[in-house]
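> Shown below is the structure under consideration.
Where a number appears in this text, it was derived from the coordinates with a stated rule and is not lab data. A quick note: this is a predicted structure, and the numbers were derived from the prediction, not measured. Please note: Cβ atoms are built from the backbone with ideal geometry, for glycine as well, and neighbour counts cover all protein chains shown.
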Amino acid sequence: MGETFLLILLLIDATVRVATPLLLAAFAGMVAERSGVVDIGLEGKMLAGAFAAAAVAAVANSAWLGLGAAIVVSMSFALLHAYACVTHNGNQVVSGMAINILVAGLGPTLAVAWFGLNGITPALEGAGRFIGLNLPMSEWLAPIPLIGPVYAEVVSGHNILVYLTIAILPLVALLIYRTRFGLRLRAVGENPHAVDTAGISVAALRYRAMLLCGFLCGIAGAYLSTAHAAGFVRDMTAGKGYLALAAMIFGKWKPVPTVAACLLFAFADALQIRLQGVVLPGIGEIPVQVIQALPYALTVILLAGFVGRAVAPKASGIPYVKDK
Amino acid sequence: MTGDGLPRWVDLALIPLVNLLVALLLAGVVVLLVGENPWEALKALVWGAFGSWDQIGYTLFYTTSLVFTGLAVAVAFHCGLFNIGGEGQALIGGLGVALVCLTLGDLPWPLLLPLAILGAMLFGGFWAFVPGYLQAERGSHTVITTIMFNFLAAILLNYLLVEVLIEPGQQVPQTARFPDAGHLPYAHEVLRALGVRTGPSPLNVTFLVALLAAGLVWLFLWRSRWGYELRSTGANEQAARYGGISPGRSIMLAMALSGALAGLLAINEVMGSQHRLMLGFSAGFGFTGIAVALMGRNHPVGVILAALLFGALYQGGSELAFEIPTFTSDMVVVIQGLVILFCGALENIFRRPIVAFFRQRTRETPQEAAA
């Protein structure tokens, strides 16, 4: 068991931790866009969820209540987005951006008013946080080479939300591809007129898609503030919502490639943290900023080079107006 | 006249005003939530923005910055593009301004200003041209790429200020102070020379540059061939192509121009006020430009009025944060979000009832005339 092996395991471990909110948000965006609603407000909904989770968890000293609050708040913002874009045919990008900016200001404002703290919520501890779980058998498996360390470092030791995410993602994929609701959802994103002609409400389908989108973003937000960190910090989503959107586009609006794209971005991020201050043979020390730029630069390069003209769901971004 | 038969003033003034009023009412609800009196807050805000000459100076200083970023968003909107990258383009524009001022700073300001403007527009324009090129040629959506370019700009500037451009022997990541000769005259200096005594504010000649820019944008969009091509592409890309216009070229032009305008923010902030390049000087004005453009209906005159409104909100808001401890400048960001929501995404919410009201009235009028 060399040191390199352990390093790789730690890197994968970090990748999983960074990937969790990205995966949730990317799937949230996928559900929304497959129904024909572009949601650039993933960032804002996650941030709102993060604030709600941290605020409630701090007051009630319960991470689970925080999670519930995050989901409710995030779903409310999703409904607002649906109200603007589906009911009133508003510009979807503008609506998403409005939510992002509104939440970016609202979180710190309420933090000052409710807790008297500048842009943060009180530090969470004990039951207010989701902490890492040691899965059973990790000690029993420990002596076995390869499997033991992999199990201990990569599989075990994450918080419950990571495992919850791993369970939810296949369910969302099944929902989209193997249920009647999913079939209609995909249809309404491609050809809403056909769906309408079949006597199914376009608006109702899109509202339901947005609710699911809000649900997933809420979990992602709670993960950021009550599992990954111990409280809310101003702008703590730091562009993850946009990265998730990029991952979804790179994944061509399909579950498995989207997961791969999220893992790639998360790996770049994990590598970024690991590489700081490391002297590479032949190159010397890489400036911190070059490494920090990795995920963003990667996104631009991938979107420009590999996806090319990505085929979005046909009706994505276009408000549905009955019988023109 | 608009498609739904509304008088012009209703479409251009009444509906935006109603939307703005609702946004401000909701902001008042947030103030209540925070536990303060909205009426007192409003009074303090208006007083903070217009109460004295130097406060008006600050308001107009912020207005200047917002005219640039508002115009930037508006130009892109006319081509059907959403430029969320004003923040990054302004930062890179600042780099252009700093390079000009550091190398040629001994020139008198009337000579230096055009060069600095050129630097700001070239650098800012380039930072937006790349996403524009990627959209036109590779189909990568500007909404995502411009956001990524915001992050990349901040990181690039951080690197340059920490490693390359930092003032020798200093710890703070900022450039050396620009030579005094190139400093733009402040409004209070000019007024004092004319015999009017006012308190100091960062308002400077860039204010006039902003007004000029608004005029030129109007000329470009509505009186030039390129502007026509740009607006045609935004209105209907296929029809534009059928009419012999290259949408790709319009997209690249619109983005480059949009970035160049955002870059001009640096003339006001870096050259006009701080006299050195420092981190994060764009302070969210790139995003506020979205609210300004939406509120101003993407028209240069509207942008100037909306910029004045938001300039007053910024200045009044920071005075408010001084007066009331439970207030921070984040409250201004909340109001921005609400304005974007109601003037942008939810603009149709009151349009239907207003359209219905005016239809009814025009139907009644002929009958009254007959009676």
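> Karplus couplings for the stretch A:48-65 from phi (6.51 cos²θ - 1.76 cosθ + 1.60, θ = phi - 60°), rounded to Hz, Gly and Pro as x?
Each residue's phi maps through the Karplus curve to give 4, x, 4, 5, 4, 4, 5, 5, 5, 4, 5, 6, 8, 6, 9, 5, 5, 4 Hz.
> Further question: Using only Cα atoms, locate the centre of the stretch B:224-282 and the centre of the stretch A:206-228, then give the distance between them in Å, rounded to an integer.
For the stretch B:224-282 versus the stretch A:206-228, the Cα centre distance is 35 Å.
> Treating cross-link reach as a plain straight distance, find the lysines whose alpha-carbon is under 24 Å from the alpha-carbon of residue A:254, omitting any fewer than eight places away in the same chain.
Answer for residue A:254, where 24 Å is the Cα cut-off: A:45, A:240, A:314, listed by chain and number.
> Efficiency by 1/(1 + (r/R0)^6): what FRET value for residue A:314 and residue B:354, r their Cβ-Cβ distance, R0 = 25 Å, to the nearest 0.05? Mind dumping the intermediate values first?
Values: r = 33 Å, r/R0 = 1.32.
Result of the calculation: an efficiency of 0.15.
> Remind me, relative contact order of the stretch B:40-350 in percent, using alpha carbon pairs under 8 angstrom and six or more residues apart?
Numbers: 598 pairs, mean separation 112.3, N = 311.
That works out to 36 percent.
> Modelled label-to-label distance, residue A:283 and residue A:3, 7 Å Cα→beta-carbon offset: nm?
2.0 nm
> Quick one: if the Förster radius is 56 Å, what FRET efficiency do residue A:174 and residue B:103 give, using the C-beta to C-beta distance and rounding to 0.05? Intermediate results must be reported in sequence, preceding the final value.
Details: r = 62 Å, r/R0 = 1.11.
E between residue A:174 and residue B:103, to the nearest 0.05, is 0.35.
> Enter the mean number of other protein chain beta carbons within 10 Å of the beta carbon of each residue in A:285-296, as an integer. Provide the component values of the computation, followed by the final result.
Working: counts 0, 0, 5, 5, 10, 3, 1, 6, 8, 1, 2, 10.
Partner Cβ neighbours, averaged per residue: 4.
> Shifting gears a bit: With a bin width of 5 angstrom, please list the P(r) values of the stretch A:158-285 as percents of all Cα-Cα pairs, from the 0 bin to the one holding the largest distance.
Per 5 Å bin, starting at 0, the Cα pair percentages come out as 2, 8, 13, 18, 19, 13, 10, 7, 4, 2, 2, 1, 0, 0.
> What 222 nm value per residue comes from the helices of chain A, counting each DSSP H run with n ≥ 4 as -39,500 (n - 2.57) and dividing by all residues, nearest 500 deg cm²/dmol?
Numbers: 14 runs with 206 residues, N = 324.
The helix-only estimate for chain A comes to -20500 deg cm²/dmol at 222 nm.
> Taking the C-alpha atoms of the stretch B:1-142, how large are the radius of gyration and the largest Cα-Cα span, Dmax, in Å?
For the stretch B:1-142, the Cα radius of gyration and maximum Cα-Cα distance read 20.7, 58 Å.
> Here's a follow-up. Report the paramagnetic label zone for residue B:47: residues of the stretch B:286-329 whose backbone N is under 17 Å from a point 7 Å from Cα along the Cα-to-Cβ axis.
Correct set: B:313, B:315-327.
> Hey, got the dipole for the stretch A:27-182? About the Cα centre, +1 on K and R Cβ, -1 on D and E Cβ, debye to the nearest 20? Write down the numbers at each step before the final one.
Numbers: 5 positive and 6 negative charges, 79 e Å.
In debye, rounded to 20, the stretch A:27-182 gives about 380.
> Please average, across the residues of A:80-92, the number of beta carbons from any other chain that are within 10 Å of each residue's own beta carbon, and give a whole number.
4
> Among the aspartates and glutamates, which fall within straight-line cross-link reach of residue B:43, defined as a Cα-Cα distance under 19 Å, with same-chain neighbours fewer than 8 residues apart omitted?
Straight-distance partners of residue B:43: B:54, B:319, B:323, B:330.
> Could you give the distance between the Cα centres of the stretch A:22-45 and the stretch A:163-178, to the whole Å?
Here the two parts' Cα centres lie 15 Å apart.
> Here's a follow-up. Taking the inverse of the average 1/r across all pairs of different Cα atoms in the stretch B:196-261, what Kirkwood radius in Å do you get? Kindly include the intermediate steps, with their values, before the conclusion.
Details: mean 1/r = 0.0724 Å⁻¹.
Every distinct Cα pair counted, the radius reaches 13.8 Å.
> Which whole number gives the average, over all residues in A:240-247, of C-beta atoms from other chains lying within 10 Å of the residue C-beta?
On the way: counts 0, 1, 7, 4, 0, 4, 6, 0.
Counting Cβ atoms of other protein chains within 10 Å of each residue's Cβ and averaging gives 3.
> Which whole-number percentage describes the relative contact order of chain A, with Cα contacts under 8 Å and a sequence gap of 6 or more? The partial results should precede the final answer.
Details: 572 pairs, mean separation 109.4, N = 324.
About 34 percent, as a whole number.
> If you don't mind, another one. Go ahead and set up a Gaussian network model of chain B, Cα springs under 10 Å, then flag whichever of B:229, B:189, B:40 fluctuates most.
Judging by the Gaussian network model, the answer is B:40.
> Mean 1/r over all different Cα pairs, inverted: what Kirkwood radius does the stretch B:224-371 give, in Å? Walk me through the numbers before you get to the answer.
Values: mean 1/r = 0.0524 Å⁻¹.
About 19.1 Å for the stretch B:224-371.
> Okay, next question. Magnitude of the Cβ-charge dipole of the protein assembly as shown, K/R +1 and D/E -1, about the Cα centre, nearest 20 debye? Walk me through the numbers before you get to the answer.
Working: 37 positive and 35 negative charges, 436 e Å.
Here the size comes out at about 2100 debye.
> Sticking with this structure for a sec: Would you work out which of B:152, B:313, B:221 lies farthest towards the positive end of the dipole of the stretch B:40-350, given +1 charges on the beta-carbon of Lys and Arg and -1 on that of Asp and Glu, about the Cα centre?
B:221
> What percentages, rounded to whole numbers, describe P(r) for the stretch A:1-105 computed over all alpha carbon pairs with 10 Å bin width beginning at zero?
Cα pair-distance distribution for the stretch A:1-105, in percent: 15, 35, 27, 15, 6, 1, 0.
> Treat every Asp and Glu Cβ in chain A as -1 and every Lys and Arg Cβ as +1, leave all other atoms uncharged, and give the resulting dipole magnitude about the Cα centre to the nearest 20 debye. Before the final figure, lay out each step's value.
Numbers: 19 positive and 14 negative charges, 233 e Å.
With Lys and Arg at +1 and Asp and Glu at -1, about 1120 debye.
> How big is the Cα convex hull of the protein assembly as shown in projection, averaged over all directions, in nm²? Could the numbers behind the result be given before it?
On the way: hull surface 147.8 nm².
Result: 36.9 nm².
> Students often check this: by mean Cβ neighbours within 10 Å, which of A:10-23, A:109-122 ranks highest, and how do the rest follow? Intermediate results must be reported in sequence, preceding the final value.
Details: A:10-23: 21.6, A:109-122: 18.5.
Per-residue Cβ counts within 10 Å, averaged per peptide and sorted highest first, yield A:10-23, A:109-122.
> Going by average Cβ neighbours within 10 Å, how do the peptides B:355-361, B:172-178, A:223-229 rank, with the highest at the top? Working shown, then result.
Values: B:355-361: 12.7, B:172-178: 18.1, A:223-229: 25.9.
Sorting B:355-361, B:172-178, A:223-229 by mean packing, highest first, produces A:223-229, B:172-178, B:355-361.
> Ok, one more. Name the residues whose placed amide hydrogens come within less than 5 Å of the amide hydrogen of residue B:204, ignoring near sequence neighbours (fewer than 5 apart) on the same chain.
Those qualifying (amide H under 5 Å, at least 5 residues apart or on another chain) are B:187.
> Distance between Cα centroids, the stretch B:1-50 to the stretch B:325-351: provide it in whole Å.
9 Å
> What residue among B:158, B:19, B:298 has the largest mean-square fluctuation in a Gaussian network model of chain B, using Cα springs under 10 Å?
Among B:158, B:19, B:298, the largest mean-square fluctuation in the Gaussian network model of chain B belongs to B:158.
> Please compute the modelled spin-label separation between residue A:197 and residue B:111, points set 7 Å along Cα→Cβ, answer in nm with one decimal.
It is 7.2 nm.
> Follow-up question, since we're still on this one. Enumerate the helices in chain B for which the Kyte-Doolittle hydropathy averages 0.5 or more and the C-alpha atoms extend at least 20 Å along the helix's axis, using complete DSSP H runs.
On the way: long enough: B:15-34 (29 Å, 2.91); B:53-78 (36 Å, 0.93); B:86-104 (26 Å, 1.49); B:109-133 (34 Å, 1.51); B:142-159 (25 Å, 1.66); B:206-223 (24 Å, 1.93); B:247-263 (24 Å, 1.06); B:300-323 (34 Å, 1.20); B:351-370 (29 Å, -1.07).
Length and hydropathy pass: B:15-34, B:53-78, B:86-104, B:109-133, B:142-159, B:206-223, B:247-263, B:300-323.
> Let me ask you something else. Can you give the angle from 0 to 90° between the axis of helix A:180-190 and the longest principal axis of chain A, with both taken from C-alpha atoms, to the nearest 10?
Approximately 70 degrees, to the nearest ten.
> Could you check which residue among A:145, A:255, A:313 shows the biggest mean-square fluctuation in a GNM of chain A with a 10 Å Cα cutoff?
Fluctuation is largest for A:145.
> Still on this structure: Using 7 Å Cα-to-Cβ label points, what is the residue A:140/residue B:246 separation (nm, one decimal)?
7.0 nm
> State log₁₀ I(q)/I(0) for the stretch B:40-350 at q = 0.12, 0.13 Å⁻¹ as given by the Debye formula over alpha-carbon point scatterers of equal weight, solvent excluded.
Each listed q corresponds, in turn, to -0.79, -0.93.
> Amide H of residue B:174 versus every other amide H placed in the peptide plane: which residues, excluding those fewer than 5 positions away on the same chain, fall under 5 Å?
B:167
> Say the dipole of chain B comes from +1 at the beta carbon of Lys and Arg and -1 at that of Asp and Glu; which of B:6, B:304, B:244 then lies farthest toward its positive end?
Projecting each Cα onto the dipole axis, the largest value belongs to B:244.
> Report the calculated FRET efficiency for residue A:65 and residue A:271 (r = Cβ-Cβ distance, R0 = 41 Å), to the nearest 0.05.
The formula returns an efficiency of 0.70 here.
> Relative to the compact globular guide of 2.2 N^0.38 Å, what is the alpha carbon radius of gyration of chain A, as a ratio?
Details: Rg = 20.6 Å, N = 324, 2.2 N^0.38 = 19.8 Å.
Compactness ratio reported: 1.04.
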